[in-house]
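Note sheet for the following structure.
Each reported figure results from applying straightforward, stated rules to the coordinates on display, with no laboratory input. If you're wondering where the values come from, they're calculated on a predicted model, not measured in any experiment. Cβ placement follows ideal geometry from the backbone for every residue including glycine, while neighbour counts extend to all protein chains displayed.
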C-alpha cells in the first residue's frame, strides 16, 4: 500500500470515484423509510429519540408520500386531457375553421391534418398554415358548388 504523509491506503481510480458520485442520488419514499427504521434500530437505548422528533419525521414521510401520489395523479390528468384535445381536434379534419392570426384578423381555412408536437395539437390547413388548436374560434363545413 502507498503511504502519503503517514496515511496508508490504496490508490483510487478516477472512474470508480465518478461512478460512485454520479449515480442516481434522488431518494424516494422507500429510502426515507429505510433511513427512519435504521435510525430507530441503532439509537442509543440510554438516550432514545424524542417522541416529537419521531412524529416530525413521520409527518415528513407522510407529506413526501402525498406529494408523490399527487404528481402521479397530475401526470394522469395531463395525459387524459391531451388525449381528449387530440380526439376533439381530429373531428375537425375536413372542416373549415376560423381563427385570429398574428395581425388580429379573422382568417379561415380547411383542416387537412393534425400535427401533435410535445403534446400540443396544431391544425394544418390545406394551404400549409399551422394553427394551434386553442386558436380556433369558428368551425364550419366546406361549401361545395353544385353545378
**OP:** For residue 95 paired with residue 65, estimate the spin-label separation in nm (one decimal), with each label point 7 Å from Cα along the Cα-to-Cβ line.
**Re:** 4.6
**OP:** Report the full-extension gain for the segment residue 30 to residue 137: residue separation times 0.36 nm, less the Cα-Cα distance, to one decimal in nm.
**Re:** 33.6 nm
Subject >> Shape of the stretch 91-140, Cα gyration tensor, a/c cut at 1.5 >> reply: oblate
**OP:** Find how much the distance from residue 85 to residue 144 grows on full extension, using 0.36 nm per residue of separation minus their present alpha carbon separation; answer in nm with one decimal.
**Re:** 18.4 nm
